[in-house]
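S.K.: Below is a structure I'd like to ask you about.
Each value in this text was obtained by applying a stated rule to the coordinates, not by laboratory testing. In this text the structure is predicted, and so the values were computed from the model without any measurement. Here the Cβ positions follow ideal geometry from the backbone for every residue, glycine too, while neighbour counts run over all protein chains shown.
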Amino acid sequence: MALQSLQPISPISLTLLPKGSTAPILFQLSSSIRCSSVRTTLTVSLDDIPPNALRRKCDRNWRGGFSLGVDLGMSRTGLALSKGFSVRPLTVLELRGQKLELRLIDIAEKQEVDEFIIGLPKSSDGKEMPQSNKVRSVAGRLAVRAAERGWRVYLHDEHGTSTETMDRMINMGLSKFARQGSIDAYAAMMVLERYFSFTGHGIELVLPKQLELQNKLRKGPTRDADFFPEEFDV
């Protein structure tokens, strides 16, 4: 997707800077981290705001918002939605820049989403690609808007999902025309499925640098009566 050149809002990923080092180490949710995640010296950690996939695994009684998978392309953005244990393609947007970001926020609000899982392009050896910087730019701006509502934005490796998506759609018997119109949404679905199958391991939290927004992330979104009816009983 040819992304518009907007004035950047400086986001930061959750990073740790070892003593005496000038190169930050990306702090991700790795396979070695379990339900009792490690603490960091940063204002907000993954322990404070774990992804829904990990919350679901650690607490069978957990109730919360839904997850929106996002596949950012050069001209189209595919979306997929997870409600409970079901994941489905949602829609394809042909928007760019601020219009895209505002539309994503609007869809998230209507679908009761509290986290975005954005596919991050990587090569087969795990290295980021030129498109990765554009995705990070969009994710950073979206993270600022989302944090205002207590919603989280994560990046997840999407390598190989394009091939998996096409194979899935062919096996489903979808026509070439149908595949062309919805492949981006199915790609977003594959990102979301991978995220849940990995229980959130390997994700990267996109964290706004403003302390006020970090505090809103820690607090989380407003409790919904559909999830916590007992708190709204008169």
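S.K.: Sticking with the crude label model, points 7 Å out along Cα→Cβ, report the distance from S123 to R55 in nm, one decimal please.
M.R.: Between S123 and R55, the label points sit 3.7 nm apart.
S.K.: So, by mean Cβ neighbours within 10 angstrom, what's the order for 166-175, 96-105 with the highest one leading?
M.R.: 96-105, 166-175
S.K.: To continue, here is another question. Give, in nm to one decimal, the length gained when the segment between R218 and Q111 is fully stretched (0.36 nm per residue of separation minus the Cα-Cα distance).
M.R.: Fully extending the segment from R218 to Q111 adds 36.4 nm.
S.K.: Between R63 and F85, what is the label-to-label distance in nm when each label sits 7 Å out along the Cα-to-Cβ direction?
M.R.: For R63 paired with F85, the spin-label model returns 1.9 nm.
S.K.: Could I ask something else about it? Roughly speaking, what is the stretch gain from K134 to E164, that is 0.36 nm per residue apart minus the C-alpha to C-alpha distance, in nm to one decimal?
M.R.: 8.5 nm
S.K.: Length gain on complete extension for the stretch D47 to K176, per 0.36 nm per residue less the alpha carbon to alpha carbon distance?
M.R.: 42.0 nm
S.K.: Treat each spin label as a single point 7 Å out from the Cα along the C-beta direction, and report the Q98 to K209 distance in nm.
M.R.: For the pair Q98/K209, the computed spacing is 2.2 nm.
S.K.: Assuming a ≥ b ≥ c are the square roots of the Cα gyration tensor eigenvalues, decide whether the range 112-234 counts as rounded (a/c under 1.5), prolate (otherwise, with a/b larger than b/c) or oblate.
M.R.: oblate
S.K.: Would you compute the Debye intensity of the range 49-123 from its alpha-carbon atoms alone, equal scatterers and no solvent, and pass along log10 I(q)/I(0) at q = 0.15 Å⁻¹ to two decimals?
M.R.: Rounded to two decimals, the profile gives -0.54.
S.K.: Another question, then. Going by average Cβ neighbours within 10 Å, how do the peptides 121-130, 135-144 rank, with the highest at the top? Walk me through the intermediate numbers first.
M.R.: Values: 121-130: 11.0, 135-144: 21.7.
Per-residue mean Cβ counts within 10 Å order the peptides as 135-144, 121-130.
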